[in-house]
Amino acid sequence: MNVGIKGFGAYAPENVVDNAYFESFLETSDEWISKMTGIKERRWAGEDEDTTDLAYKASVKAIEDAGIEANDIDMIIVATSTGEYPFPTVGNMLQNRLGISKVASMDQLAACSGFMYGLINAKQFVQSGDYKNILVVGVDKLSKITDMTDRSTAILFGDGAGAAVVSEVSEGRGILSYELGSDGSGGEYLYLNPDNGKIFMNGREVFKFAVRIMGEASNRAVEKAGLQSEDVDMFIPHQANIRIMESARERLGIPKEKMSVSVDKFGNTSAASIPLSIAQELENNRIKDDDVLVFVGFGGGLTWGAITLKWGK
Ligand code: COA
């Protein structure tokens, strides 16, 4: 059975926060942020818009795009690190908001690699024949766990959501290969600090890890699909930092124009970053049916995940 993405949608909050905003309370500059990260602006949700609201808005679009009704969804998997509560989960609350009858719903945590983990979990349930249409959401409201007094992290993060309906797709399309991994020995480099509820990051260590793993995992995923880098139509890496993304692109041997870049507009939105980039490329007609896409994420844990997918229903 070929399992892929039958419907897709994303949502970013309206409030745009540019780099200049940080100059008023941190020793930083638009120039430093742009040059060192590639970020120009990010979106922050207000008090009235929490993680489940973002997830809901992306999900409605994905369900519509799939040409199904909410009640046709038979499982919800939400990848997030920023749910309102440990329980009920965002998945539980989203199920209620969507008015879906009593289907399984859960959150799963793999930080910025979450959407990769979610897609691959969903693939297994669909492939087993036990489930037909699984709503996979990558959502984060990082603004609520960002330490605004720490200039090396405050400038990086943003809020957003993306959703995919994972179902059987036509022959030859869908997920061709994947690799998921983790290395708990690097947990100390990026974590949610229980003392203040904010993100702690050792930027330099995370940077080194990211450059290595993004290239390696993408290469392995492409190889597992029996493809070469020339076969890849679009490379969609986790939008953490343009310098990390560029280095992964070079390791994979993909030309510049085939890499999706949305980090300039959204910053690092964790589980939402790959979906927001997919949405941008769909909007710009840069993804067509039968295009070979490579997604690759990395994040806290440390975790990673790469997927090769042939686009289309
Ligand atoms: N404005 C100005 N200077 C800043 C700054 C900011 N916003 N943030 C950090 N700096 C300073 C540091 O304080 C340091 O100053 P010092 O040399 O006087 O000590 C200098 O810039 C270099 O810091 P360093 O952390 O070594 O820089 P870097 O090249 O590693 O870049 C990051 C910093 C955060 C951009 C980079 O480490 C990074 O992107 N890391 C990965 C982050 C990531 O992807 N995280 C998410 C994972 S999902």
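Please treat every number below as a calculation from the coordinates, not as lab data. None of the values given here were measured: they were computed from a predicted structure. Neighbour counts are summed over all protein chains in view; Cβ atoms, including those assigned to glycine, are modelled from backbone coordinates with ideal geometry.
What to note about this one:
- Loop chymotrypsin sites (Phe, Trp or Tyr not before Pro), the stretch 1-91 (other Cβ atoms within 10 Å of the site Cβ: 12 or fewer; DSSP): PHE25
- q = 0.12, 0.13 Å⁻¹: log10 I(q)/I(0) that the Debye formula gives for the chain, counting C-alpha atoms only: -0.72, -0.85
- Computed from backbone phi with θ = phi - 60° and the Karplus coefficients 6.51, -1.76 and 1.60, the 3J(HN,Hα) list for the stretch 151-168 is 5, 7, 10, 4, 7, 8, 9, x, 10, x, 8, x, 9, 10, 8, 9, 8, 5 Hz; x is used for glycine and proline.
- Remark: relative contact order (the stretch 94-224) = 20 percent; criterion is Cα-Cα distance under 8 angstrom and separation of 6 or more residues.
- Taking GluC sites (Glu not before Pro) across the stretch 145-239, the ones in a DSSP loop with at most 11 further Cβ atoms lying within 10 angstrom of their Cβ are GLU171.
- The largest-to-smallest principal axis extents of the Cα set in the stretch 3-168 are 54, 28, 25 Å.
- For the stretch 174-310, the equivalent ellipsoid derived from the alpha-carbon gyration tensor has semi-axes of 26, 17, 13 Å in decreasing order.
- Computed per residue of the chain from DSSP H runs no shorter than four, each worth -39500 (n - 2.57), the mean residue ellipticity at 222 nm is -10000 deg cm²/dmol.
- Rg and Dmax over the alpha-carbon atoms of the stretch 224-284 stand at 11.6, 34 Å.
- Qualifying GluC sites (Glu not before Pro) in the stretch 1-57, DSSP loop, other Cβ atoms within 10 Å at most 15: GLU14, GLU27, GLU47
- For the chain, built as a Gaussian network whose Cα springs stay under 10 Å, the top-fluctuating residue of GLY162, GLY187, GLY138: GLY187
- Projected label distance in nm at ARG212 and GLU23, using a 7 Å step from Cα toward the beta-carbon: 3.8 nm
- The simple Förster model, with R0 at 41 Å and r as the Cβ-Cβ distance, assigns ASP195 and ALA104 a FRET efficiency of 0.75.
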